[in-house]
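Enquirer: Sharing a structure below in structure tokens format, with a few things to ask.
The values are calculated or read from the model by the stated rules, or taken from the named source; none is laboratory data. Values in this document were obtained by computation on a predicted structure and should not be read as measured data. With ideal geometry, Cβ positions are generated from the backbone for all residues, glycine too; neighbour counts draw on all protein chains shown.
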Amino acid sequence: MFRYFGYTATFPLFFLFLAFPCLPARTAPDPLAELTADLQNATWHNFVKFIDAGKGSQLTGMSELKSYFQRFGYLPESDTNFTDTFDESLESVVVTYQKRLGLPVSGKLDASTVTQIMSPRCGVSDTAHLLHVTKRYAFFSGQPRWVHKSTLTYAFSQSDMIEYINLAEVKSAFQKAFARWSSVIPVNFTEARRYASADIKIGFFKGDHGDGEPFDGVLGVLAHAFSPENGRFHLDGAETWAVDFKADRSKVAVDLESVATHEIGHVLGLAHSSVKEAVMYPSLSPRTKKVDLKLDDVEGVQALYGSNPNFKYSSLLESDISSCWAVRSPAWAIFWIIVMGYMTS
């Protein structure tokens, strides 16, 4: 029997609640319609013409789509002779992409897949150099992490910053992002006085900035960071960065704290997750704030560093459940009350 708040529930009742699906209370807006509302600002906006294309299709620009997949690890770097034909090889790539990012697997460029392809995202590869890949979180090849260090230092480049956001506000966004990770693992972060000697070096750059990973303008690649113990953390200076959406009304504004939180995951050794709700999922839409670590993020980083002694899974689960209640059916909420009561009994 399960015990919750002084009551008991039998297994039949428990499984009865499992039968209730976790359905949204309202119909979600069409993500493709939202994404294409301001196409002139999107790096990959031309890909919208590929919707519903499948094997055998031949469309001008398909070679650019293949280059996109190559950039993010789905095609070998040695492949150079791309054609505009949707061939068997591209179909296989699309299937891999759909599986890796938790999309419906059709092998075709359906609306949900093209929407995902067009979304602003992190520049780190989704599949290349990965050693450990679960259905959720993943690590880089060799499972690198920071060793023999319980405190990592970070610093901002004095010459490569943005001027339209106060430096104190930029630093505050990063402090909150670092704090989210240190709350779940036994690693602390502190700002260093000298950029050159810091473990993590943060800066805003445009275009080709000398690391072999050039940025591509507004709403393409938002940022990228390197695996341990490299420490380089670069954000695209061409983006419209924001720390307060109420103050910044731009349609293409990108939340700085959200991207910082994601890239710190890479700095610590996490690759991209296939869980859409996770911080380590590769894409982030404009005017979206996504800063709360999910169970998948926590399990991944704790597999590398262990748990912060003060961290409690119950608080994380309560946070996830409370957000679920806002859009889920009452029956599903009751099911989670039973589960939480059992776990805390």
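Enquirer: Determine which single condition residue 219 fails, assuming it passes every other condition in (1) in a loop (DSSP other than H, G, I, E, B); (2) at negative phi.
Expert: (2)
Enquirer: Also, quick follow-up: Would it be correct to say that residue 258 is free of Cβ contacts under 8 Å to residues at least 40 places away in the same chain and out of contact with any strand residue (DSSP E or B) (no Cβ under 8 Å at 6 or more places or on another chain)? Give the derivation first.
Expert: On the way: free of Cβ contacts under 8 Å to residues at least 40 places away in the same chain: yes; out of contact with any strand residue (DSSP E or B) (no Cβ under 8 Å at 6 or more places or on another chain): yes.
Against the criterion (free of Cβ contacts under 8 Å to residues at least 40 places away in the same chain and out of contact with any strand residue (DSSP E or B) (no Cβ under 8 Å at 6 or more places or on another chain)), residue 258 qualifies.
Enquirer: May I ask you to list the residues in the stretch 86-104 that are more than 23 Å from the chain's Cα centre (by Cα) and within 16 Å of residue 52 (Cβ to Cβ)?
Expert: From the stretch 86-104, those more than 23 Å from the chain's Cα centre (by Cα) are 86-92; that's our starting set.
Across the stretch 86-104, the qualifying residues are 86, 90, 91.
Enquirer: Counting residues that are at pLDDT 95 or above, which helices (runs of 4 or more DSSP H) fully inside the stretch 234-345 reach at least 2?
Expert: Qualifying helices (runs of 4 or more DSSP H): 256-268, 295-305.
Enquirer: May I pose another question? Evaluate the following for residue 102: is it at positive phi, modelled with pLDDT under 95 and crowded, with 16+ Cβ neighbours inside 10 Å? Don't jump to the end; show me each part of the working.
Expert: Numbers: at positive phi: yes; modelled with pLDDT under 95: yes; crowded, with 16+ Cβ neighbours inside 10 Å: yes.
Yes, satisfied.
Enquirer: Another question, then. Going by what's in this entry, would residue 152 be described as under 19 Å from residue 293 (Cβ atoms) and not in a helix (DSSP H, G or I)?
Expert: Taking the combined requirement at face value, the residue satisfies it.
Enquirer: A further question on this structure: So which residues in the stretch 158-208 are on the phi < 0 side of the Ramachandran plot, among the small types (Gly, Ala, Ser) and outside any strand (DSSP E or B)?
Expert: Across the stretch 158-208, the qualifying residues are 159, 168, 172, 173, 177, 179, 182, 183, 192, 196, 197, 198.
Enquirer: Still on this structure, I have one more. Can residue 158 be described as without any contact (Cβ under 8 Å) to a residue 60 or more places away in the chain and surrounded by 19 or more Cβ atoms within 10 Å (Cβ to Cβ)?
Expert: For residue 158, the condition - without any contact (Cβ under 8 Å) to a residue 60 or more places away in the chain and surrounded by 19 or more Cβ atoms within 10 Å (Cβ to Cβ) - is not met.
Enquirer: Any idea which of (1) part of a helix (DSSP H, G or I); (2) modelled with pLDDT under 90; (3) touching a Gly at 6+ places or on another chain (Cβ under 7 Å) is the one residue 43 doesn't satisfy?
Expert: Result: residue 43 passes all but (1).
Enquirer: Looking for something touching a residue at least 24 places away in the same chain (Cβ under 8 Å) and either in the same structural domain as residue 70 (by TED's automatic domain parsing) or over 20 Å from the mean Cα position of the chain (by Cα) (or both) - is there at least one such residue anywhere in the stretch 134-141?
Expert: Quick first cut of the stretch 134-141, residues touching a residue at least 24 places away in the same chain (Cβ under 8 Å) only: 135-140.
Within this subset, residues satisfying the condition of being either in the same structural domain as residue 70 (by TED's automatic domain parsing) or over 20 Å from the mean Cα position of the chain (by Cα) (or both) are none.
No, the stretch 134-141 contains no residue that is touching a residue at least 24 places away in the same chain (Cβ under 8 Å) and either in the same structural domain as residue 70 (by TED's automatic domain parsing) or over 20 Å from the mean Cα position of the chain (by Cα) (or both).
Enquirer: Yes or no: residue 203 buried (at least 18 other Cβ atoms within 10 Å of the Cβ), assigned by TED's automatic domain parsing to the domain that holds residue 139 and not basic (Lys, Arg)?
Expert: yes
Enquirer: Where the second residue is outside any loop (DSSP other than H, G, I, E, B) and of a type in the set (Ser, Thr, Tyr) and the first is free of Cβ contacts under 8 Å to residues at least 12 places away in the same chain and on the phi < 0 side of the Ramachandran plot and lies in the stretch 279-304, which pairs have Cβ atoms under 8 Å and are six or more apart or on separate chains?
Expert: Correct list of pairs: empty, since none qualify.
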